Amino acid sequence: QVQLVESGGGLVQPGGSLRLSCAASTSIFGAYTMGWYRQAPGKQRKFVARVSSDGSTNYADSVIGRFTISRDNAKKMTHLQMDSLKPEDTAVYYCTAKLYRDYWGQGTQVTVSS
């Protein structure tokens, strides 16, 4: 069982930045593909970004050039740096860990509003 704890959400103005963090409780963190999904009110949960065990990354088209995912295997953490935030980025953001199955965090709220 892997537990994931997100932090870093909050309220930010359009054009601003936030950095989300996710701490994982596993001794083999480096083997997991780590990712972020988001769910806006009344909408389905959608993929945002992922970073594989080899460090390769993938992003949703809507966040390319604005969001950056990274991982710190020594600290068992993954981060999502979000820049140039837009109101449509408002959502609950979920951290995920995937190896043989998917694990999900509880989510952290990000609100982009003036």
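The values are calculated or read from the model by the stated rules, or taken from the named source; none is laboratory data. All figures in this text were calculated on a predicted structure; none of them were measured in a lab. Counting neighbours? That spans all protein chains shown, and the Cβs are built from the backbone with ideal geometry, glycine included. Note: areas computed on protein heavy atoms with side chains; ligands, DNA, RNA excluded. Shrake-Rupley method; radii C 1.70, N 1.55, O 1.52, S 1.80 Å.
Kindly provide the set of residues from region 25-43 that are within 20 Å of LEU4 (Cβ to Cβ) and free of Cβ contacts under 8 Å to residues at least 40 places away in the same chain, ordered by number.
SER27
Residues that are within 17 Å of ALA31 (Cβ to Cβ) and in contact with a strand residue (DSSP E or B) (Cβ under 8 Å, 6 or more places away or on another chain): list the strands (runs of 3 or more DSSP E) wholly contained in region 52-111 that include at least 2 such residues.
Details: elements: 57-59, 67-72, 77-82, 91-98, 102-104.
Result: 67-72, 77-82, 91-98, 102-104.
Any idea which of PRO87, PRO41 is touching a Pro at 6+ places or on another chain (Cβ under 7 Å) and within 18 Å of THR111 (Cα to Cα)? It would help to see each step written out before you state the result.
Values: PRO41 fails: touching a Pro at 6+ places or on another chain (Cβ under 7 Å).
Selected residue: PRO87, the only one of PRO87, PRO41 that is touching a Pro at 6+ places or on another chain (Cβ under 7 Å) and within 18 Å of THR111 (Cα to Cα).
How about region 19-36: which of its residues are open to solvent by 30 Å² or more (accessible area, probe 1.4 Å) and more than 11 Å from MET77 (Cα to Cα)?
ARG19, SER27, ILE28, ALA31, THR33
Could you look through region 1-11, keep only residues that are open to solvent by 20 Å² or more (accessible area, probe 1.4 Å) and in a strand (DSSP E or B), and pick out the one that is farthest from GLY65 (Cα to Cα)?
Restricting to residues being open to solvent by 20 Å² or more (accessible area, probe 1.4 Å) and in a strand (DSSP E or B), the top hit is VAL5.
Out of region 40-51, which residues are open to solvent by 60 Å² or more (accessible area, probe 1.4 Å) and either among the polar types (S, T, N, Q) or assigned to a loop (DSSP other than H, G, I, E, B) (or both)?
PRO41, GLY42, LYS43, GLN44, ARG45, listed by residue number.
Check ASP61, ASP54, ASP83 and return the single one that is surrounded by fewer than 18 Cβ atoms within 10 Å (Cβ to Cβ) and touching a Ser or Thr at 6+ places or on another chain (Cβ under 9 Å). Don't jump to the end; show me each part of the working.
Numbers: ASP61 fails: touching a Ser or Thr at 6+ places or on another chain (Cβ under 9 Å); ASP54 fails: touching a Ser or Thr at 6+ places or on another chain (Cβ under 9 Å).
Going through ASP61, ASP54, ASP83 in turn, the sole match is ASP83.
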